[in-house]
Each structure stands twice: as C-alpha cells, then as structure tokens.
C-alpha cells in the first residue's frame, strides 16, 4: 500500500466513524504528517483523493472541511429519495424549453431547463436542472413544482440506477437568489452537480447550492 493510500484510508475511517463531524475543519497537513509519519506530498495526494470522493471540500487559505454524509455514502439514490420526501415547498423561478446546448450529454433536440428553490427540512436548495425533451415530453412547470424524482419513478416508471456527482466549493454572491430564502446570507457553499441515470441513459443534470443551518458559512456584514 502506498503512503498516499494509507493516509487516505486512515482519514476516511475517522470521517466514517464520526470523529470529524459534518462542517468541521479537518486537521492540518502538518498534523497529518506528524500523526502518520509521512511527508507532505502523500498527504496532499490523500487529501486530493478525499476531495474527489466527496468526503471533504477545500476553501482557499482555510483548509479542508467535512462534507455531509450524502456527498460520499454509496446510497446516493436512496438519500435523494429521502430528501424528496422532506420537501416542504418548491418555488419555480424559471421554466423553459430551449434548443439543446448540452449535446455532449443529451441527444434530444430540445431541453427542458428550470431554476427553482426547494425548501426542505433544515435545508434551502437552489437548483438548476436540465431534462431531455424527447424523453419527457409531458414534463411541465406543475411537475417541476413537485418531486422530480417521484415523477421519474411513479409517472414515467423509470428505475433510477445511479447518480454521478461532481462537487466543488463556490463563493455565493450576497445577491444570489438563494439568499432571499435563507434566514441569513451565505457566502460559501458546496455546489453539487448530479448526473442522474436510468440504467445507462442520462435522464437529468442538476446543479445544486444548499444552505444548511448547521454548516452554513454566513456573511458577517
């Protein structure tokens, strides 16, 4: 086992055991080097792998922070389904049918595109989404106001097989629409891009910025 993999596995174990809580700052590179008796290079590579796997996110000049479990547990579809059942309200900000400008992902001539705010238990989520028109001609703004996962599963009878996620830490402008729905203005968030599949067919891409009262980084202005 390489030093990088050794450090990665040890840190992952600590995260999974809950020794580092969601939203907490991970120990520094220097502390990791001392704890495991390795140089800085394998530590940096291990941290990069933890970030790629969704366990942590990085903030420039601050270090690595622990992500919510839903970002790295393998039960992604299950966690998405649970989240859909916790929705309290949805506000559709924009709903359009546009020419497909995402041809690397979808073959459809047109795409449904939407922007919405989802208010769920302890969370506020800003979501931008894309669905291929050819597969979902009956999709409309009313369905967008509800659970799109329920629409896929119950109305379209699709089996949701996997969700490929891409995570990155983003700055949130104080004038971003999400800040109109949160109790305090957030300045940072994790943007999660979901690629949702039914078998081998990509059926939806969505980008989400989430406010969670337990882990939000708020403006001090």
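The values are calculated or read from the model by the stated rules, or taken from the named source; none is laboratory data. None of these values were measured; they are calculated from a predicted model. Methodologically, a virtual Cβ is constructed for each residue, glycine included, from the backbone with ideal geometry; neighbour enumeration extends over all protein chains shown.
Filtering region 141-160 to residues that are farther than 19 Å from residue 207 by Cα and surrounded by fewer than 18 Cβ atoms within 10 Å (Cβ to Cβ) leaves 142, 153, 154, 155, 156, 157, 159. Taken over region 179-193, the criterion of being in contact (Cβ under 8 Å) with a residue 40 or more places away in the chain and within 13 Å of the chain's Cα centre (by Cα) is satisfied by 190, 192.
If you check residue 190 against the conditions, is it outside the structural domain of residue 50 (by TED's automatic domain parsing), within 18 Å of residue 210 (Cα to Cα) and not in a helix (DSSP H, G or I)? So that I can check it myself, show each step before the final result.
Numbers: outside the structural domain of residue 50 (by TED's automatic domain parsing): yes; within 18 Å of residue 210 (Cα to Cα): yes; not in a helix (DSSP H, G or I): yes.
Spelling it out, residue 190 is indeed outside the structural domain of residue 50 (by TED's automatic domain parsing), within 18 Å of residue 210 (Cα to Cα) and not in a helix (DSSP H, G or I).
Selection of region 25-41 for residues being under 27 Å from the mean Cα position of the chain (by Cα) and exposed (fewer than 14 other Cβ atoms within 10 Å of the Cβ) yields 25, 28.
Specify which of the listed residues (199, 140) is without any contact (Cβ under 8 Å) to a residue 60 or more places away in the chain and farther than 20 Å from residue 92 by Cα.
199
I'd like the residue in region 207-221 that is at pLDDT below 90 and part of a strand (DSSP E or B) and, out of all such residues, is surrounded by the fewest Cβ atoms within 10 Å (Cβ to Cβ). Lay out the reasoning, then the answer.
Initial filter on region 207-221 (at pLDDT below 90): 210-221.
Now drop any that are not part of a strand (DSSP E or B), which leaves 210-212, 217-218.
Values: 210: 22, 211: 24, 212: 18, 217: 17, 218: 15.
Per the criteria, the residue is 218.
With the requirement that a residue be surrounded by fewer than 13 Cβ atoms within 10 Å (Cβ to Cβ), in contact with a strand residue (DSSP E or B) (Cβ under 8 Å, 6 or more places away or on another chain) and either at pLDDT 95 or above or assigned to a loop (DSSP other than H, G, I, E, B) (or both), what does region 162-179 give you? Result: 174, single match.
The criterion of being assigned to a strand (DSSP E or B) and either over 17 Å from the mean Cα position of the chain (by Cα) or over 22 Å from residue 23 (Cα atoms) (or both) holds for residue 204.
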